1. Is the stretch 151-218 rounded, prolate or oblate when judged by the Cα gyration tensor, a ≥ b ≥ c being the square roots of its eigenvalues, rounded requiring a/c under 1.5 and prolate requiring a/b larger than b/c?
2. Need one number: nm distance between label points at Q222 and Q113, each 7 Å from Cα along Cα→Cβ, rounded to one decimal.
3. In debye, nearest 20, what is the charge dipole magnitude of the chain about its Cα centre with +1 on Lys and Arg Cβ and -1 on Asp and Glu Cβ, if you could check?
4. How high is the relative contact order of the chain, in percent, with contacts defined as C-alpha pairs under 8 Å that are six or more residues apart?
5. I want to check the label-to-label distance for D167 and L185. Put each point 7 Å from Cα in the C-beta direction and report it in nm to one decimal.
6. On full extension of the chain, what length is gained from Q21 through A237, given 0.36 nm per residue of separation minus the C-alpha to C-alpha distance?
7. If you place +1 on the Cβ of every Lys and Arg, -1 on the Cβ of every Asp and Glu, and leave all else neutral, what size is the dipole of the stretch 136-200 about its Cα centre, to the nearest 20 Debye?
8. Which translational diffusion coefficient, to the nearest whole µm²/s, is obtained for the stretch 188-250 from the Stokes-Einstein equation, given a Kirkwood hydrodynamic radius over C-alpha pairs, 20 °C and 1.002 mPa s?
Amino acid sequence: MEPHEPIDYSAFLRHHLALQQAGVASYRLGDAQVWLKRAGPRHGMARYRVLGALAGLLRLEVLRPVPNLGGRPAIATEVRRLRELAALGLRVPQVLAAEEDGFLMRHLGGAAQHTPSLADEMNEAVNAGPAALLALWQQGLAALRRVHERGTCLSQAFARNLVRCPDGVVGYIDFEDDPAAALSLAPCQARDALCLAHSAALYLRMGGALDDARPLWQDWMQGCPAPVREVLAYSIARMDWLRHLPQSRRLGRDLQRARAAYDLLIR
């Protein structure tokens, strides 16, 4: 049997960039599954000005906006960050080829293998009891710790962007912006933790695991470097007004998440 011809990923990327209409699409190449992400339209800056004003009003550096300009700059940022994180030994999609208008990356599993997000797993675990949710919460915190111990941060460390690889390792996706371009390292890492808490806390509450999750958070925070602990403590204190929010769904899911996150993070 003759060996397979090596795949020309660059040629594949150039060809499909001219044809693909969707922002992200999956393809089968030999025994592998790949994703092609193409540049979308440039983003406006209005929403960042609003968030910047809010960060100034609350004196919260972690809320300082990290612009995602979209288009070619977002592609360049994501390719650079994926390569940087891979070089640090973190589980991220492998960049196979890159152009200004898009790039090709390998799926984090084998072809057609499911890689559920931590958010998906927590949602499914709500009815399984607190133990299942607490195990996932610990895994999310441990995944953040691995990143931070390598002296870096994620981009948007929400539970939807932490994914389970088939071998059980938690990987990381979605790097169109770079917080380190706008913030120093301690606020970047604190921002990661607050993003994870904001996206996980409501699942913990729904599954009756919030009270037991709080000591796990406190232990994790105590293991952070002093500058990160200080940013987190200050930020949580500045968010004290969230305790006045009702837990009712009438105010929408986002405010529910914010209130649940506050209840998770308080001492």
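1. Details: a/c = 2.24, a/b = 1.39, b/c = 1.60.
Taking the square roots of the gyration eigenvalues as a ≥ b ≥ c, the stretch 151-218 is oblate.
2. Result: 3.7 nm between the two label points.
3. Around 1000 debye, computed over the chain.
4. About 18 percent, as a whole number.
5. Distance between the two pseudo-spin positions: 2.7 nm.
6. Numbers: separation 216, 0.36 × 216 = 77.76 nm, distance 4.57 nm.
Taking 0.36 nm per residue and subtracting the Cα distance, the gain is 73.2 nm.
7. 240 debye
8. Values: Rh = 12.8 Å.
Value of D from the Cα-based Kirkwood radius: 167 µm²/s.
No value in this document is a laboratory result; all are computed from the given coordinates. Here the structure is a predicted model, which means the values were calculated and not measured. Here Cβ is always computed from backbone atoms with ideal geometry, including for glycine, and neighbour counts include all displayed protein chains.
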